[in-house]
Amino acid sequence: MKDLVGSDLPSRLLKVNGSVEFIALAMDGERICATSEEDEECWVVCEEFSP
């Protein structure tokens, strides 16, 4: 997974979505990454899957 713009992804997400939450799936389907906000906490979840 790569941010094609290259910088300030959380700021860009907040500006467009009003939140820094996102989910991304690798092109090969083997990795997933997500962020979530809950109360005053931020969570980052990354997982790899075997084919």
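The values are calculated or read from the model by the stated rules, or taken from the named source; none is laboratory data. Everything numeric here is computed off the predicted structure, so don't read it as measured data. In this analysis, Cβ positions are derived from the backbone assuming ideal geometry, glycine residues included, and neighbour counts consider all displayed protein chains. Protein only, heavy atoms only, side chains kept; ligands, DNA and RNA dropped before computing areas. Shrake-Rupley method; radii C 1.70, N 1.55, O 1.52, S 1.80 Å.
Using only the Cα atoms of the chain, what are the Rg and Dmax in Å?
Radius of gyration, then largest Cα-Cα span, for the chain: 12.2, 36 Å.
Size of the dipole of the chain about the Cα centre, Lys and Arg at +1 and Asp and Glu at -1 on the beta carbon, nothing else charged, in debye to 20?
In debye, rounded to 20, the chain gives about 380.
If you stretched the chain out fully between S36 and R12, how much longer would it get, using 0.36 nm times the residue separation minus the C-alpha to C-alpha distance? Mind showing how you got there, number by number?
On the way: separation 24, 0.36 × 24 = 8.64 nm, distance 1.53 nm.
Between S36 and R12, full extension yields an extra 7.1 nm.
Leaving out ligands, DNA and RNA, what percent of the accessible area of the chain is carbon and sulfur, probe 1.4 Å? Mind showing how you got there, number by number?
Working: 2520 of 4510 Å².
Carbon with sulfur: 56 percent of the solvent-accessible area.
Let me have the 222 nm mean residue ellipticity of the chain computed from DSSP H runs of 4+ only, each contributing -39500 (n - 2.57), with the sum over all residues rounded to the nearest 500.
Working: 1 runs with 9 residues, N = 51.
Roughly -5000 deg cm²/dmol at 222 nm, from the helical runs in the chain.
Under a 1.4 Å probe, what is the accessible area of the chain per residue, stated in Å²? If you can, show how the numbers build up before the last one.
Details: 4510 Å² over 51 residues.
In whole numbers, the chain has 88 Å² accessible per residue.
Within 10 Å of each candidate Cβ there may be at most 15 other Cβ atoms; applying that plus a DSSP loop requirement, which chymotrypsin sites (Phe, Trp or Tyr not before Pro) in the chain survive?
On the way: sites: F22, W43, F49; in loops: F49.
For chymotrypsin sites (Phe, Trp or Tyr not before Pro) across the chain that sit outside H, G, I, E and B with at most 15 neighbouring Cβ atoms in 10 Å, the list reads F49.
Projected onto the charge dipole of the chain (+1 at Lys/Arg Cβ, -1 at Asp/Glu Cβ, origin at the Cα centre), which of A34, A24, F49 gives the Cα projection farthest towards the positive end?
My answer, from the dipole projection, is A24.
How high is the relative contact order of the chain, given as a whole-number percent (alpha carbon pairs under 8 Å, six or more residues apart)? Intermediate values should be presented prior to the final figure.
Details: 60 pairs, mean separation 12.7, N = 51.
Reported as a whole number, the value is 25 percent.
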